[in-house]
Every structure is written in C-alpha cells, then in structure tokens.
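The values are calculated or read from the model by the stated rules, or taken from the named source; none is laboratory data. The model shown is predicted, which means the values in this text are computed figures rather than measured ones. Glycine also receives a Cβ, built like all others from the backbone with ideal geometry; neighbour counts cover every protein chain displayed. Keep in mind that these areas ignore ligands, DNA and RNA; they rest on the heavy atoms of the full protein, side chains included. Shrake-Rupley method; radii C 1.70, N 1.55, O 1.52, S 1.80 Å.
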Amino acid sequence: MPDRKPIESWLTDMDGVLIHEGVPIPGADAFLKKLRDSGKPFLVLTNNSIYTPRDLQARLSRMGLDVPVENIWTSALATAKFLDDQRPGGSAYVIGEAGLTTALHDIGYILTDHDPDYVVLGETRTYSFEAMTKAVRLINAGARFICTNPDETGPSTEGPLPATGAVAALITKATGKQPYFAGKPNPLMMRTGLNAIGAHSHSSAMIGDRMDTDVLAGIEAGMQTFLVLTGLTTPAQVENFPYRPSQVVDSIADLVDRV
C-alpha cells in the first residue's frame, strides 16, 4: 500500500489464525515469540465474550502459546469500554458468561433485571428462553439493546452452534429494536484495542481469517490487513467481497519475518 508507515504494532484474531479447533496453527508460536522479543505492542483479539483474558491466557498456555493477559482483547472488554464511555456507573441486564459479567463489574456496572439502562447480550453455552423473554420485556420497557458481537454461528467439534448474532435477531424480531454491536466488524473494537496498547492505526496491522469481520474491521479502522487461509475464508471467496485485504497469505507462519 502506498505511503504506509512500517508496521509497529500488530492485532491478530485468535481462532482460525493462531489456533484451530483447540490446536495451535503451525507458526503461531514463532510469530508470538517474535512479537514478544521485538517489544512491539500487540493484541490477540476474539469476538467470543465467554472467557476473561485470564481464562484465555490459560487456554492458550495449555496449547503452548504464551500470550500475557494484557495482550488479550475481547468483545466483552470492548463492550465494557463502550458502556463506560457512554454511561459511566450504569446498570445492565446481562445474558452472557464470566468474560462479559467480569468486564462489566470491573467498570463499576450494576447487573440487574430491575429497570436496567441496557440489555447486554453476549455469548453463552446455554441460551435460556426465560432470559431471552426477560430481555425482550426489558427492551420493550425502554432498556437500550447492546450486543458484544454479530457472529451468527460459532464453532464446535460437532459443527456450528447458534451464536450472539442469531439470538440478537430473535430479540430484534420480538422487539423491533436493532442492537448496537461493539465487536468486530465494528472498528470501535479495533480503535479501543489500539488505544489500550498506545498504538496508532497508520502503523498497525490486523491479521484475520474472515473477510466480513477481521478484514473489514481492520480496513475501517485504517489499518493494513492480512487475510490468512487457515480459517473460514477460501481464496475464491475473497473475490466475492467489494473490498480486499492488503495481502492474502497461507498462514501466520508467512508473517513471522514481517515482525
């Protein structure tokens, strides 16, 4: 790309880039080690809001990947940062797990089902019809609707699972209210992440395996973008989009020498 500064900081998606179905992708450990040794700011990102950064650090460590807690950025953290900026000290009814509830507790939010400022929907292993019904009624009563991410399905060893975006569609159908999505492809997640590590978009790059979330978010945040082919996107699918990544590479191993 013309007139781009050298890459001084890196953001990378996790699933499909560093790991796949619980197994490290070849080159991921070398890439992360090179980043740590270089001293360049970096973040590992995920739209999954189930886990806290500490949970994810332990999960990656068990796979042999060393990522410090402060270098992990989730859609739950991006959502909490957004809400803290919008309405400090507010309240929320939350459908989600520890990654989301912990992030909201850490910004001083009260989690309640009594006249909350927001209904916040995140990822969970067990979506409850009772909880969704309560969310619908609270939104109809005036609570604002926020979602951590728009992913409609998530991976599992048995096949795709309904995810936040699919459940959000159900609630939207029942209320007529569209949510605000804080996670990718919203460039908000990228910009808040860059701010967290003191980086600038013009000298940063985003690595991802999805055109519609990772690459789009990187482009809209003003970053260089690298698409890896170890996840959900095939080379033929790249041509179906009206935008392109800065570069398409086979895997994260091809970027080790770029750090």
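List of remarks:
- Protection proxy ranking of 201-211, 56-66, 4-14 - average other beta-carbon atoms within 10 Å, highest first: 201-211, 4-14, 56-66
- Label sites at Gln178 and Asn240, each approximated as a point 7 angstrom past Cα along Cα to Cβ, lie 2.3 nm apart.
- Both radii are taken from the alpha-carbon atoms of region 129-259; with Rh as the Kirkwood radius, Rg/Rh is 1.05.
- Rolling a 1.4 Å probe across the protein heavy atoms gives region 4-86 an accessible surface of 42 Å² per residue.
- Under the criterion of Cα pairs below 8 Å and six or more residues apart, the relative contact order for the chain equals 22 percent.
- Lysine pair count for the chain with Cα-Cα distance under 20 Å and sequence separation of 8 or more or different chains is 5.
- With both labels modelled 7 Å from their Cα along Cα-to-Cβ, the Met63 to His114 distance reads 4.3 nm.
- Over region 124-169, relative contact order from alpha-carbon pairs under 8 Å, at least 6 apart, %: 28 percent
- Contour minus Cα-Cα distance for Ala30 and Arg54 (0.36 nm per residue): 6.5 nm
- Debye-formula intensities of region 65-143, expressed as log10 I(q)/I(0) at q = 0.22, 0.26 Å⁻¹, are -1.01, -1.29 (one equal scatterer per alpha-carbon, no solvent).
- Structure-derived Cα Rg over 2.2 N^0.38 Å: which label, when the choices are (i) 1.96; (ii) 0.95; (iii) 1.00: (iii)
- Using a probe of 1.4 angstrom and keeping all protein chains present, the accessible surface of region 113-227 works out to 44 square angstrom per residue.
- Taking the protein heavy atoms of the chain in the context of the full set of protein chains, the accessible area attributed to carbon and sulfur is 51 percent at 1.4 Å.
- Summed side-chain charge close to Ala217 - residues other than Ala217 whose Cβ falls under 12 Å, Lys, Arg +1, Asp, Glu -1: -1
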